[in-house]
1. For S152, what charge total do you get from the other residues with a beta carbon under 14 Å from its beta carbon, if Lys and Arg give +1 and Asp and Glu give -1?
2. Which ordering of T371, T547 is given by a fewest-first count of other beta-carbon atoms within 10 Å?
3. Work out how far the C-alpha atoms of region 131-187 reach from end to end along every principal axis, then list the three figures in whole Å, largest first.
4. Quick one: which of K166/K385; K587/K624; K66/K182; K385/K445; K164/K440 span more than 19 angstrom between C-alpha atoms?
5. In what sequence, highest mean first, do 383-392, 490-499 appear when ranked by Cβ atoms within 10 angstrom?
6. Take each of the peptides 346-353, 131-138, 587-594, average the number of other beta-carbon atoms within 10 Å over its residues, and list them starting from the highest.
7. In whole percent, what relative contact order does region 401-636 give with Cα contacts below 8 Å and a gap of six or more residues?
8. Would you mind giving the three semi-axes, in whole Å and largest first, of the ellipsoid equivalent to region 401-636 according to its Cα gyration tensor?
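Please treat every number below as a calculation from the coordinates, not as lab data. Computed from a predicted structure; not experimentally measured. With ideal geometry, Cβ positions are generated from the backbone for all residues, glycine too; neighbour counts draw on all protein chains shown.
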Amino acid sequence: MKSKKCDFDEVFDRASNSKELMHNKDLLKEIGSLNLDVPHEVMQRIESDIEQSENQPKISVNGLNKALMSVAPEYKGRMRLSVIFACLGEIFSFASYFFSAYAAGWLIKSAGGNPTGFDELLKYALLAMGSLLLYFTLTGFSTIISHKTSFSILEKLRQTLFEKLKVIPMGYLVDNPVGKIKVIIMDRVADMEDWVAHLMPELPSRLLHPILCVIILFFLDWRIGLSIFAPLPVVFIGMATMMYKYRSRMAVWLSSYANVADRSAEYVRGIPVIKAFAQDKVSYGKFADAVKFYHFSTMKWWKQSWFGKALMTAAMMTPQIVSMPLAFYLYGNGQIGIETLLLSLILPIAILPQAYAIMMSFELFQMASNTWVSIQELLDMPAQKRPDAGNRVAIDKNKGIKLDDISFSYHDGTEVLHHISFETKPGEVTALVGPSGGGKSTIAKLLAGFWDQSSGEISLGGVDTRNISFNQLAEEVSFVSQDNFLFDVSIRDNIRLGKPSATEEEIITAAKAAHCHEFIMELPDGYDTKAGEAGGAMSGGERQRITLARAILKPASTIILDEATAYADPENEALIQEAISHLVKGKNLVIVAHRLNTIKQAHQIILIDKGQIIAKGRHDDLMKEPLYASLWKQYLGEE
């Protein structure tokens, strides 16, 4: 899909009408000031993510755990067992501190005199060792169980996402870059591994550790127990500073990560074509801009978080700053015994690693919850429901396509088409024209069944398309987009996709009709040449003609061309236009056109703007319409 560079003036105009975007206007301005080639769709995604991140209800730790376990409820028992083992391990860890302190107290009391009651020392030493052994055993079992369970849950999650891809609207797959979907299924799910394998079972035990510390210290002496809380105000200040606008920064980072993944895949995949057409500078420039944008979002996140994180870390690392002097003072005055003193020194220090782990846990939780939002978005995508493949319906080939009062909203509720009605006839060309973003391609995707309309009815041959199975609709409708995608198989097999049972003669006839037979025969192995190997030897227009040959071969009653000549040079465009003339015979042909000269002779031209039909008719009639005349003036100026 051709990427349109983002217009940041439009971004700021939209921001003025959104309190969520206004709240992050400084961030948007900084992105704009980078002067990078940020794709329009990426910036739209960032804006959407910022608005969603500001508005979405804050998910709790328990809510995230429940959402994850709802994907694989059969593993709840295992995860609970892992949590129980981890918590029991922490209890025995504390027992080892307790027994070690009493053993050390015995040694201190016995220093300088004749030691007595050696059996008591041995008892405390053995109990401390036994407690440590149980701690390592239980936490080891917890870790083994949690990791095995984690891999099973994430496997089930990926399977669920792949199953979801089979039933969600095709429009989602067409409108979203491959890089983004790959990032969700592979990278975002992988990002959840730390949470599922470590944080889910370990967070309860990590929280139990300081709670037990405080309870024991209060039990030993309430003054020492109270002193542990002295650094808490600084901890809260650091946390508030670190979490300020955390979600919006995370949204920008995730979008920039998906963008660099998509640009990387695009750049590597297109290297043969890039070299053949000397586009190294342009293509590498886009990739470099994606990397720079990713670097910006990462550094922006770090710069706004490091001070709060450092402050919180320092405060959490010093719980003994008040308790230690207080314990020595109380011991010196004879108010506590040696065992209490030792525990007052050991326990606050024992809190340190767990306190840091808790801090990191909640930072990881913020990342995991934001990551889960992108996964949940795909999981929540409504499925398209159609009859089973075996339920075929009779479609009247003498009738065309009819749209009756069609409106359409995307998953977020934004209505982009409003009360669209028109009808096509077999053997005639219907063209959809209008300004960019007006809704032309969305209508084309509705006709192809890629999305389901929100209201109204689309019928093909007198049958509501929602009552036609996916298999039968795919047989009846051929969709050719500006993305002239060819599989890395032979040219012959790429054309044969239109009709798997086609003979060699039928394939060559279709190729000749699409004006691609001549240049195919000039390839090293002719029709046996793999499309991937021929990529550098074929222009975009030539690749487009191969996809048109596929459409000509396919016995479909309806052909939809979405900007099919977008990347063609004048020579290829003329050949493509001649190929299109072969498509119209007896079929419904709908063309979404940017190059207006390609639809001048269309039987019906429908002018679309802002999701509405402005006018419809033939070319001469529509030239009286100011918007249509303006589009022609603009087009001729570009030519």
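1. Surrounding charge for S152 is +2.
2. Numbers: T371 22, T547 26.
Ranking T371, T547 by Cβ neighbours within 10 Å, fewest first, gives T371, T547.
3. 59, 19, 9
4. On the way: K166/K385 11 Å; K587/K624 29 Å; K66/K182 25 Å; K385/K445 16 Å; K164/K440 27 Å.
In this structure, K587/K624; K66/K182; K164/K440 exceed 19 Å between Cα atoms.
5. On the way: 383-392: 12.3, 490-499: 20.6.
Ranking, from highest mean packing down: 490-499, 383-392.
6. On the way: 346-353: 19.0, 131-138: 16.8, 587-594: 24.2.
Per-residue mean Cβ counts within 10 Å order the peptides as 587-594, 346-353, 131-138.
7. Details: 445 pairs, mean separation 67.9, N = 236.
The normalised contact order for region 401-636 reaches 29 percent.
8. Numbers: eigenvalues 188, 88, 47 Å².
Working through the eigenvalues yields semi-axes of 31, 21, 15 Å.
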